[in-house]
Every structure is written in structure tokens, then in C-alpha cells.
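Participant: Shown below is the structure under consideration.
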Amino acid sequence: TAAERMLGRLPDWAHRGSVIMFDDKIKSSHDGDLIPVRVYLPKMTVTNDQGPIMVYFHGGGWVFCGQGTHDHIGRYFASKGIVTVVVDYRLAPEHKYPVPLLDCLDGLKWSSRSAGAFGCDPARLLVAGDSAGGNLALAACLKARDTEYEGFAEGVRGAAGMLLVYPCTSRQLITLPGGSYEQFANGYGLTRDQAAWMWRMYTGLDTTAELDTESARYAAPLDARSPLHLLPPTYVLLADKDILYDDGMQLVGRMRAAGVHCTVDEVRNTLHGSFSARSRDSHAWELYMLKAAAWALRATAVAAEN
């Protein structure tokens, strides 16, 4: 926060010397454009063990944000010993669906193939994202599964785990009477009207218009009733005062019904955006990050044992 900077009380993870950061660009398999990626490497004692690696897709309604707005998230995970790759995918409305998804999928594949160069085990690869980034993380895993993990490191079948923070998974923007879309439609951060506008920017269609089957399969998995089998173990982290809360719970139920090991958790009395907005409520943000990092470390430890 500004007060912490003024008083010189930044936490250890926030100091630039706590991690090694570098920028790179990867070539889009879709159209040949360059996609920026930012890699955060933990400063740690060199060992013979290969560590975990996480690919992170930022939120912002597919329209806003980027590497700079989520820099603190990359630094935090790296400070916990997780090499973190933040993919700066191209944004709507200039780049509508499926471009952001394909950029993220390229970033996921590149991270899998590059894991060894960063001292990581590609079998301990996690994919994560908040809000729209959670949508892209889920869609990238679905797309990777459906294309038989083409382009991943040899012998690796996609991600070992998936972290979804209040993901956007439905364009319908409705729930049962008294549900989260009614309770928190206005005055709780993300509004229903804002969500509808962001979906329109991403897909090019109003939320009342139907997407074609192929687009809906990955853009809005809940609406298309996309098959969710064979996805990696998943941790869904929700804000309890968020219009997307019910969609998150519905996703958890669908994943469990498909046989996916899915854990759900929430941070009480928080709004949509709290995972990335540290300046809004640093205490709530720390709770989010502690929960997310603890799960990530457990998930990658299990992957290392298998």
C-alpha cells in the first residue's frame, strides 16, 4: 500500500531483490504475433530437486489489466518457491475470442516445454487465474485435453493442478431467486451490467445472443455444459460477496460430478477483485494469497510423488 511504501514496511516478497524477474516473448501459433511473458524466479539455494512452476492468467474482464497490475501476485508466488509465468495475452475488444484463449494456451505449452530451463519439473506445472483469467485457465485446460496435449513437454499430459479464483464461466448472469446475481448485482464491486459488457467485448455478442457450439464450449463452459472430465485437481477460491459466487459453486458441483478432484474455499466478507487489489484491503489479500499458495505447494508436492 502507499502507507507501507512511505514507511518502508513492504513485506519481504515485495522487495525487488526477493525474486529474479525477466521478460520474454513467445510466438503465437495462431497468427505469428509475439505474446509477452514475464517470469518470476525465486531466489533460493541451488538444489538437485526440480521445483514447481505456475502459469498465471490475469483478470480484468478480458479487456483490462496486464503484467503490471498483477506483478505483486507473481512476486508473491515466487517468494514461496514457485516459478511463476504471467502471460500478457492480447485483450478484447481489439482481440476477441478466441485470441486471448489461444495466447494463454501458447503460454501454457511454452511454460511446460521451458520448465526444465527454469529448474522446474514440467510434471509439477500449475495453471491459475483470477476472474476472466480463471475462465482462460479452465478453457486452456479444456482445449489442451481436447487436442491431446499437443505442444507440451514430452510425456506430460497438461497441468498437474488448476487454481481458479472467482472464475467467469457463464454468460447467462442469472441464478435462482435470492442468489448471488440478485444479492450482489450492484454495490459489491463487479456489477451484473459490467459483467455483461465484458462478455460482449470478449465474444462480440450480447449475452442474450447464443454462441456457436464450438465457441461456447470454451468461452462459457457452464452454459455449453462442456464435458469436464479428465481435468487436473482443482482449487476454486471464491469471494462470498460476489455476483460470480453461485457460478463458482455450480462449477465445483459439475467438476465433482465429472470425477475431478475439486476443492472449494472462500474468503469471507470480500468482493470480486480482492485477489488482485491488495491496496483495497491488504489483510483480505494476504488471506487469499496464503490460501492459494498453500494449495499450490500441496498440489505440486503430490504431483512430485506420482
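The values are calculated or read from the model by the stated rules, or taken from the named source; none is laboratory data. Nothing here was measured: the structure is a model prediction, and the numbers come from that model. Using ideal geometry, Cβ is built from the backbone for each residue, glycine included, and neighbour counts are taken over all protein chains shown. Just the protein is used for accessible areas: all its heavy atoms, side chains included, with ligands, DNA and RNA removed. Shrake-Rupley method; radii C 1.70, N 1.55, O 1.52, S 1.80 Å.
Participant: Could you check the range 64-81 and list, in sequence order, the residues that are over 15 Å from the mean Cα position of the chain (by Cα) and of a type outside the set (K, R)?
Facilitator: The answer is G68, A78, S79, G81.
Participant: Here are the criteria: (1) surrounded by fewer than 19 Cβ atoms within 10 Å (Cβ to Cβ); (2) in a strand (DSSP E or B). Tell me which single one A239 does not satisfy.
Facilitator: In the conditions (1) surrounded by fewer than 19 Cβ atoms within 10 Å (Cβ to Cβ); (2) in a strand (DSSP E or B), A239 misses (1) alone.
Participant: Sticking with this one: Quick check on G66: is it of a type outside the set (D, E) and out of contact with any helix residue (DSSP H, G or I) (no Cβ under 9 Å at 6 or more places or on another chain)?
Facilitator: So G66 passes the test.
Participant: A follow-up question, please. Would it be correct to say that E305 is surrounded by fewer than 17 Cβ atoms within 10 Å (Cβ to Cβ), free of Cβ contacts under 8 Å to residues at least 40 places away in the same chain and of a type in the set (D, E)?
Facilitator: Judged against the criteria, E305 is a match.
Participant: Would you confirm, using the coordinates I've provided, whether L91 is out of contact with any strand residue (DSSP E or B) (no Cβ under 8 Å at 6 or more places or on another chain) and modelled with pLDDT of 95 or more?
Facilitator: So L91 passes the test.
Participant: A follow-up question, please. Here are some residues: L101, L41. Which one is under 16 Å from A140 (Cα atoms) and among the hydrophobic types (A, V, I, L, M, F, W, C)?
Facilitator: Criteria check complete, one pass: L101.
Participant: A further question follows. Just checking, which of E214, E148 is within 22 Å of the chain's Cα centre (by Cα), on the phi > 0 side of the Ramachandran plot and not small (G, A, S)?
Facilitator: E148
Participant: Now, a different point. Name the one entry in T169, T208, T175, T147 that is touching a helix residue (DSSP H, G or I) at 6+ places or on another chain (Cβ under 6 Å) and farther than 28 Å from A293 by Cα.
Facilitator: One residue alone meets the criteria, T175.
Participant: Looking at the range 41-136, what strands (runs of 3 or more DSSP E) fall wholly within it and have at least 1 residues that are open to solvent by less than 10 Å² (accessible area, probe 1.4 Å) and polar (S, T, N, Q)? Before you say what the answer is, go through the steps one by one.
Facilitator: Numbers: elements: 51-57, 83-87, 120-130.
Counting at least 1 such residues, we get 83-87.
Participant: To continue, here is another question. Residue by residue through the range 13-31, note down the ones that are modelled with pLDDT of 85 or more and open to solvent by less than 30 Å² (accessible area, probe 1.4 Å).
Facilitator: Here is the first cut: in the range 13-31, the ones modelled with pLDDT of 85 or more are 20-31.
Listed by number, the residues that qualify are I26, S28.
Participant: Being touching a residue at least 60 places away in the same chain (Cβ under 8 Å) and charged (D, E, K, R) is the filter; apply it to the range 244-294 and report the residue that is least open to solvent (accessible area, probe 1.4 Å).
Facilitator: Filtering the range 244-294 for residues that are touching a residue at least 60 places away in the same chain (Cβ under 8 Å) and charged (D, E, K, R), the one least open to solvent (accessible area, probe 1.4 Å) comes out as D247.
Participant: For the range 244-279, name all the residues that are over 18 Å from the mean Cα position of the chain (by Cα) and among the basic types (K, R).
Facilitator: Correct list: R254, R256, R268.
Participant: Out of C120, C141, report the one residue that is touching a residue at least 12 places away in the same chain (Cβ under 8 Å) and under 22 Å from Y288 (Cβ atoms).
Facilitator: C141
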